[in-house]
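Trainee: Supplied in structure tokens, the structure appears directly below.
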Amino acid sequence: MSRSAPGSAPLPSPLDGEVIVSRLKELAACTDVPGEMTRLTLTPAHKRAAAQVSFWMREAGLAQVHMDATGSIVGRYAADRANAKTLVLGSHIDTVRNAGIYDGNLGVLTAIAAVEALKQQGIRLPFAIEVTAFADEEGVRFLSTLTSSKAMAGIFDPKSLEDVDAHGISRMEALRSFGAPVDRVADCRRDPAETLGYVEVHIEQGPVLEAAGAPLGIVTGIAGASRGHVRIRGEAGHSGTLPMAMRHDALTAAAEMILAVEARGHADGKELVATVGTLLIAGSAVNVVPGEVQFSLDVRALSDELRIRAVADIRAAVADIAERRGVKASVDIGHEVPAAPCHGPLKERMAKVVEGLQLPVVRLPSGAGHDAMVFRGVMPMAMLFVRSENGSHNPREYAAPADIGLAAEALYAFLLKTAEEM
Ligand SMILES: [Zn+2]
């Protein structure tokens, strides 16, 4: 039955949080592992989800709905005039293994809802809106990631097509069987001169908004990250025969270094986080004084300067501890991503909209990476966070329908305000 059939009940407002949640649940049925939410990029479940999203896009009044070269689904809501610029809204519909149903999907569905509300009100704006359901954000299946949003930003690396998954299937092959026109990557790029920017709604994936009692948060930017590892070489020995005073224990040195990393994280208050997430003890045994240890290092901050200074301090602390304990230590930072600050005017417009909904305006950085970060230096970008519970990347991830409704309402109001200010 057509939802708009004469005489039927009035259309539920597309911005209703309950309506969006029912779609999230419907989308969650597209999983490669029954009983859990597992939708790695370019899998059969992803294909079903892409088809469902395409259907909702068309229903919402989006035209030219198609799959792009990277497997994203893109639809367009035309402007009220010719030669108008375009505002891009979106997020991703691939997930991690045993994921929650909100991460990524929520941003796509709120964007579709905002456009559907425009259509329902018969409103066209002085700019076109493109909604995109990116295909590759989580980076679980292949080594490279964010290929969809990178293609849009014009920084797609063709080498990522050669990446292979655990079954030896290349991204190129996966894209072909997904039905993506893989030879048309160039078409994915949006000309920054014709684009107003990129706006993404996403669950917070952290506890800050919940602690502040705020349903929505204005993202100040996406934190930059330094990632690497620390290697310590001491001297292995027999735990019974090696006197304490003669030891060069790599593990106790690592313990002290790990505490130094934590202390350095605390030193910058809320501005920086520093984490040791892995610890490897070579040839570990109950009766061996550890001779070789390696641990990971992950430092993130919205300020690149602060992060670089923290890494330098950690290097100095590691060297200090190593010298005092008579072990050798090296710090190797193999992965460095600069911070992506959100665009001032877009961010402030979003703050005004949230204020207009009589909600507290909480500003916070994103410690996690998002599609939005690839637009750094390419085009203006902003993000709106939705309060979430139980962290993320697990089935207990949760956002309340009322908060989701507020996010959709905020995004809708943001579109109207953007038109107003043009
Ligand atoms: Zn996400």
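Trainee: Just to confirm my numbers, what's the Cα centroid distance between the range 359-403 and the range 134-209 in Å?
Mentor: 19
Trainee: Percent of accessible area on the range 113-221 owned by carbon and sulfur, 1.4 Å probe? Don't skip to the end; give the middle numbers.
Mentor: Values: 2260 of 4380 Å².
Its accessible area is 52 percent carbon and sulfur atoms.
Trainee: Over the chain, with a Gaussian network built from C-alpha contacts below 10 Å, which listed residue (224, 367, 356) shows the highest mean-square fluctuation?
Mentor: The residue with the greatest mean-square fluctuation here is 356.
Trainee: Expected output is a single nm value to one decimal: the length gained when fully extending between residue 255 and residue 211, i.e. 0.36 nm times separation in residues minus the C-alpha distance. What is it?
Mentor: Numbers: separation 44, 0.36 × 44 = 15.84 nm, distance 3.12 nm.
Length difference between fully extended and current span is 12.7 nm.
Trainee: Taking all protein chains as present, what is the carbon and sulfur share of the accessible area of the range 7-77, in % to the nearest whole number, probe 1.4 Å?
Mentor: Ligands and nucleic acids excluded, carbon and sulfur reach 59 percent.
Trainee: Among the lysines, select those whose C-alpha is under 17 Å from the C-alpha of residue 85, and discard any that sit fewer than 8 residues away in the same chain.
Mentor: Residue 85 reaches 417.
Trainee: Quickly work out the residue 296-to-residue 332 label distance, labels modelled 7 Å from Cα along the C-beta direction, and quote it in nm with one decimal.
Mentor: In this crude spin-label approximation the distance works out to 1.5 nm.
Trainee: Given a 1.4 angstrom probe, I'd like the percentage of the accessible area of the range 278-372 that is carbon and sulfur, rounded to a whole number.
Mentor: Details: 2550 of 4740 Å².
Summing carbon and sulfur atoms, their accessible area is 54 percent of the total for the range 278-372.
Trainee: In Å², what does the accessible area per residue of the chain work out to with a 1.4 Å probe? Walk me through the numbers on the way to the answer.
Mentor: Details: 18610 Å² over 422 residues.
Normalised by residue count, the accessible surface of the chain is 44 Å².
Trainee: Straight-line reach only, C-alpha to C-alpha below 17 angstrom: list the lysines that residue 150 could link to, leaving out same-chain residues fewer than 8 apart.
Mentor: 159
Trainee: Picking from 248, 225, 214, whose Cα lies most toward the positive end of the charge dipole for the range 200-261 (charges on Cβ: Lys, Arg +1; Asp, Glu -1)?
Mentor: 248
Trainee: Counting other C-beta atoms within 10 Å, and keeping those with at most 16, which DSSP coil trypsin sites (Lys or Arg not before Pro) do you find in the range 77-127? Before the final figure, lay out the partial values.
Mentor: Numbers: sites: 81, 85, 97, 119, 124; in loops: 81, 85, 97, 124.
Taking the range 77-127 and a limit of 16 other Cβ atoms within 10 Å, the loop trypsin sites (Lys or Arg not before Pro) found are 81, 85, 97.
Trainee: Give me the mean projected area, in nm² to one decimal, of the convex hull enclosing the Cα positions of the range 1-134.
Mentor: Working: hull surface 35.0 nm².
So the Cα hull casts an average projection of 8.7 nm².
The values are calculated or read from the model by the stated rules, or taken from the named source; none is laboratory data. This is a predicted model, so every value here is computed, not measured. Neighbour counts run over all protein chains shown; Cβ positions are idealised from the backbone, glycine included. Heads up: the accessible areas ignore ligands, DNA and RNA and are worked out on the full protein's heavy atoms, side chains in. Shrake-Rupley method; radii C 1.70, N 1.55, O 1.52, S 1.80 Å.
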